[in-house]
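Read through the structure below, which is laid out as structure tokens, and then see the notes.
The values are calculated or read from the model by the stated rules, or taken from the named source; none is laboratory data. The structure presented is a predicted model; accordingly, all values stated were derived computationally and were not measured. Every residue, glycine as well, gets a Cβ built from its backbone with ideal geometry; the counts of neighbours run over all protein chains shown.
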Amino acid sequence: MHSGVESPKGVWWKPAEASERLWVIVAFVWCMVLFAMMPLWHLKGGQNPSGIRSKVDPADFEARTMQFVQDYQVGEENGFPVVAPPPGSHVYLIARMWQWYPVLRLEKDAEYTLHISSLDLNHGFSLFPINVNFQIVPGYDYGLTVTPTDVGDFRIICNEFCGVGHHLMLGKVEVVEPGAGGGNE
Ligand code: CUA
């Protein structure tokens, strides 16, 4: 039995052996490598969003989105407008409890500026099955320069818990062949 007043018997206070010192050095060097990778990866990793961010009043963002829908709507799906903006245009997507609005139809290989914002609280933009994730915060317009590279249907999933309907918060992006968007008809 050892207590605070009686020192334990043993060898733990002896100087570290050479092999232990070596592993401490190896661990320390590796810590420094990982530490250096944080700024390096930020600058060289190529994973940073090509975004612009600005403050926006949620009511203004909603008004811009409604105007966007009015300008480029081509159809309807499950009560949601399907919107096919022309290549090069500004695209608006609302996150709110508990939907992504509207459905977007984009053309492959065309560049768009995708603006996303929330009208109520924090949501998470996650594009399935591609691993793309963004925090969508109310009051901020998250503008991303995007160029779809694959044709197909993509789901937008909310990956930030936002209340009782969180698991129902599914959106959709359709990517179609160049010229097939229907936005110029
Ligand atoms: Cu929106 Cu979870």
Which condition from (1) of a type in the set (Ser, Thr, Tyr); (2) within 30 Å of Tyr142 (Cα to Cα); (3) free of Cβ contacts under 8 Å to residues at least 12 places away in the same chain is the one that Ser54 breaks? (3)
Of the residues in segment 99-116, those that are among the hydrophobic types (A, V, I, L, M, F, W, C) and farther than 17 Å from Ile156 by Cβ come to Ala110
Over segment 79-131, the set of residues of a type in the set (Lys, Arg) and in contact with a Gly (Cβ under 6 Å, 6 or more places away or on another chain) is Arg105
Checking Leu121 against (1) outside any strand (DSSP E or B); (2) touching a Pro at 6+ places or on another chain (Cβ under 8 Å); (3) away from the ligand (no atom under 16 Å from the Cβ), which single condition isn't satisfied? (3)
Single residue of Ile156, Ile130 found to be assigned to a strand (DSSP E or B) and either surrounded by fewer than 20 Cβ atoms within 10 Å (Cβ to Cβ) or within 16 Å of the ligand (Cβ to nearest atom) (or both): Ile156
Before we move on, is Val173 away from the ligand (no atom under 13 Å from the Cβ), of a type in the set (A, V, I, L, M) and surrounded by fewer than 18 Cβ atoms within 10 Å (Cβ to Cβ)? no
Within segment 133-153, residues out of contact with any Gly (no Cβ under 9 Å at 6 or more places or on another chain) and within 12 Å of the ligand (Cβ to nearest atom) come out as Val137, Pro138
Has segment 51-67 got any residue that is over 23 Å from Thr145 (Cβ atoms), modelled with pLDDT of 90 or more and exposed (fewer than 10 other Cβ atoms within 10 Å of the Cβ)? yes
Selected residue (criterion: farthest from Gly143 (Cα to Cα)) from residues of segment 68-94 that are surrounded by 12 or more Cβ atoms within 10 Å (Cβ to Cβ) and among the acidic types (Asp, Glu): Glu77
